[in-house]
């Protein structure tokens with residue numbers, strides 16, 4: 001999968017209980033309990049081995065309390081099981097016929113091998129204990145299947161790109177399915193086949209960062225984790241950042257087009273430095289945006305939850321069309337570095353709109369040989385927890401949210417950018433040696 005927040009691995013552990021008599025009772029009738037492990041995970045990319053060591057398996061009923069099924073450690077390589085498409089035997093034991101309401105297994109370690117080496121994954125808790133109805137009936141077979149959901153169980157930490165420290169965190173997310181009156185067949189090479197039966201339990205349980213296990217719990221997909229001193233902590237999470245451009249400028253007279261090509265968008269925070277949002281060039285016609293009263297998408301991406309204090313736009317060129325044709329405008333600087341708070345919150349959308357005021361940004365030189373100078377004046381509005389409809393790149397709808405930035409910045413003739421800066425409308429301009437100057 002991808003970067004430091006990429007979710008990776010895990011698979012399927014099937015636990016099978018087989019028992020005897022016609023109906024279950026809490027008496028002395030017993031049945032056979034067979035525990036198996038398999039792996040139905042999707043492709044793991046650079047992950048070549050995931051070795052899980054299970055030390056102990058227990059079940060619980062109201063009449064008997066906790067009953068040990070197995071205390072013999074068993075290590076299985078989940079990706080090897082996946083490659084061979086088999087369930088491997090973990091334990092084979094007799095259980096009293098009863099209604100078991102909880103299951104528990106102890107995982108002593110998880111070893112993950114990828115292209116750069118082998119790493120021990122940190123578990124929030126080595127104990128996976130959860131509720132689920134498992135009915136063991138005499139002379140019938142009951143099964144419990146634990147399907148570890150690969151893409152929701154294993155997380156790569158902030159140290160994931162390096163060799164030191166804990167690289168992986170494994171917090172199991174499991175689809176638990178129990179069946180009564182199922183068919184189980186033990187074949188050669190410890191392979192177990194399970195089929196049939198009536199479903200008694202079918203629910204998804206997970207483990208959170210504190211090791212709690214239950215329905216609806218898990219470590220979210222978009223958090224950035226660290227492990228320090230054996231303690232797992234959330235460094236940050238991700239939110240959505242949407243950047244759009246518009247133009248509410250006044251009438252531009254004989255100018256019919258102002259096409260601005262933005263080559264790159266970056267944001268900056270104290271903790272991360274400069275973060276690239278987009279490197280895909282985007283050309284927008286400011287006057288078309290004004291006429292159609294719309295926002296055009298510049299970038300739509302996930303960003304680490306943080307307070308970003310600057311945004312930087314790199315303008316590749318500006319082409320102005322008037323009654324005489326097309327003209328490339330001179331920019332005092334191709335870089336617009338804007339100071340302001342752009343707050344990205346976990347699992348929320350932050351929308352930032354750059355309103356280019358074309359009528360205050362575009363200037364002409366004096367003299368017969370008219371040339372254009374573009375010194376952007378921009379109103380920036382940024383709101384967190386906004387509602388954004390970005391289905392069409394050319395018409396982004398933004399509503400609501402909490403406004404964090406609402407300011408206007410401009411560029412002076414030297415390329416400086418800030419609040420209150422701009423080239424005065426009355427200035428007499430010339431371009432001398434490719435430099436814009438006030439004469």
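Annotations for the structure displayed:
- Inter-label distance for residue 203 and residue 116, nm, one decimal - labels placed 7 Å from Cα along Cα-to-Cβ: 3.9 nm
- Spin-label proximity, residue 437 to region 323-348 - amide N less than 18 Å from point 7 Å beyond Cα toward beta carbon: 330-333
- Listed values [x] 104, 47, 39; [y] 106, 41, 34; [z] 76, 50, 43, entry calculated as Cα extents along the principal axes in Å: [y]
- For region 380-439, diffusion coefficient by Stokes-Einstein and Kirkwood Rh (Cα), 20 °C, 1.002 mPa s, µm²/s: 146 µm²/s
- Inter-label distance for residue 80 and residue 102, nm, one decimal - labels placed 7 Å from Cα along Cα-to-Cβ: 3.3 nm
- Counted residue by residue at 0.36 nm each, then reduced by the alpha carbon distance between them, the extension gain from residue 328 to residue 221 reaches 33.9 nm.
- Hydrodynamic analysis of region 283-326 uses the Kirkwood radius over alpha carbon pairs. Inserted into Stokes-Einstein at 10 °C and 1.306 mPa s, it gives a translational diffusion coefficient of 114 µm²/s.
- With Cα atoms as the point set, the radius of gyration and Dmax of region 276-429 evaluate to 16.5, 56 Å.
- Residue-span extension gain [residue 49 to residue 403] - 0.36 nm each, minus C-alpha spacing: 122.7 nm
- Listed peptides 289-299, 115-125 appear in the order 289-299, 115-125 once ranked by packing, highest mean of other Cβ atoms within 10 Å at the front.
- Relative contact order, percent, the chain [alpha-carbon distance under 8 Å, six or more residues apart]: 11 percent
Each value in this text was obtained by applying a stated rule to the coordinates, not by laboratory testing. Remember, predicted model here, so these are calculated numbers, not experimental data. Positions of Cβ are backbone-derived with ideal geometry, glycine not excepted, and every protein chain shown enters the neighbour counts.
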